[in-house]
Amino acid sequence: MRREERRMESARTVSSETEKEISTKNIPEKEASEIAYQNKDIASKIFAEQLKGKSFNVYGVETGKIKAVLPTNIPAIKVNELRLDNLLELEDGTVALVDYESEYKKESKVKYLNYLTGIVNRYERKGRSCPDLRMIVVYTGDIRREQVSENYDVGAVTVTIEPAFLSEIDGEGILKHLKKKVEKGEPLDDQEQMELIILPLSYRRQKEKKEKISETVDLAVKLQDREQQLFVLAGILTFTDKIIDEEHAKTIREGDSDDQGSHDI
């Protein structure tokens, strides 16, 4: 089968599996009818729900296991600011705010400061003490360590981020290892699933990212463990839609309204 045909079939699988997952969660019919137009939101929800028990260690930040995934809506955040990507309660009792970036901007640290104060306010409004907070920023392969400053000091307030650099991941070595396991029909462990999800973003050039997204989606649909398959596909959709150019993210998502029976997995 030609490469483009395989990619389109993979996209249909993502949409089909997402809809099946939603149907088992008793989501209202009106919301379900909008799936074809809101796959990112659904995929993000599925991905987040299955993060529990996993970790971001593979990305270069020691987090330990994720104990719980918390709501990311922060009332104090301005309307024109993007919602926080992930808010995670870790096994050591700390709470990690996670944001994903494809470029480094000093002014982004003001955004992080707003996130942090918003979370503190949320705990205070509920009459609870705020746990120690961590601000983790995962940078794609476009960014190198020497480009990033971890501290934002304005005197009375200092914000310190914990950066993770996907540019330091051995993408080719990881892909080779994962292909061997999948071809043998072996399940992936938690670390390998996280590697497969983020792998395309470890590359610097846009052309390479696009090629690797195609490869990882094709590899994901071959996973025999249905739960792993859904998690990985949802993760790939989530990250590509957030960081990769819209044209390519659309290529992966398109086919939503086409025949949903392309694969029986």
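Can you give the FRET efficiency for residue 186 and residue 91, using 1/(1 + (r/R0)^6), R0 = 25 Å, r = Cβ-Cβ distance, to the nearest 0.05?
Once the sixth-power term is evaluated, E becomes 0.40.
Evaluate E = 1/(1 + (r/R0)^6) for residue 224 and residue 125, where r is the Cβ-Cβ distance and R0 equals 45 Å; express this FRET efficiency to the nearest 0.05.
The computed FRET efficiency comes out at 0.45.
For segment 58-167, what is the convex hull (Cα atoms) projected area averaged across all directions, in square nanometres?
If you wrap the Cα atoms of segment 58-167 in a convex hull and average its projections, you get 7.3 nm².
What's the exposure ranking of 128, 134, 204, 145, going from fewest to most Cβ atoms within 10 Å?
The order, fewest Cβ neighbours first, is 128, 145, 204, 134.
What value does segment 127-204 have for Rg/Rh, both radii from Cα atoms and Rh as Kirkwood defines it?
Ratio of gyration radius to Kirkwood radius for segment 127-204: 1.15.
Among the listed pairs 176/209; 179/222; 176/222; 105/207, give every one whose C-alpha distance is greater than 21 Å.
Listed pairs above 21 Å: 105/207.
What FRET efficiency do you get for residue 179 and residue 211 if R0 is 22 Å and r is their Cβ-Cβ distance, rounded to the nearest 0.05?
0.95
Rank-order 148-154, 137-143 by packing density, defined as the average count of other C-beta atoms within 10 Å over each peptide's residues, highest first. Provide the component values of the computation, followed by the final result.
Details: 148-154: 12.4, 137-143: 22.4.
The most tightly packed comes first, giving 137-143, 148-154.
A short reminder: the numbers here are calculations on the coordinates, not readings from a lab. Owing to the predicted nature of the structure, the values given are computational and were not obtained by experimental measurement. Cβ: placed from backbone, ideal geometry, glycine included. Neighbour counts: every protein chain shown.
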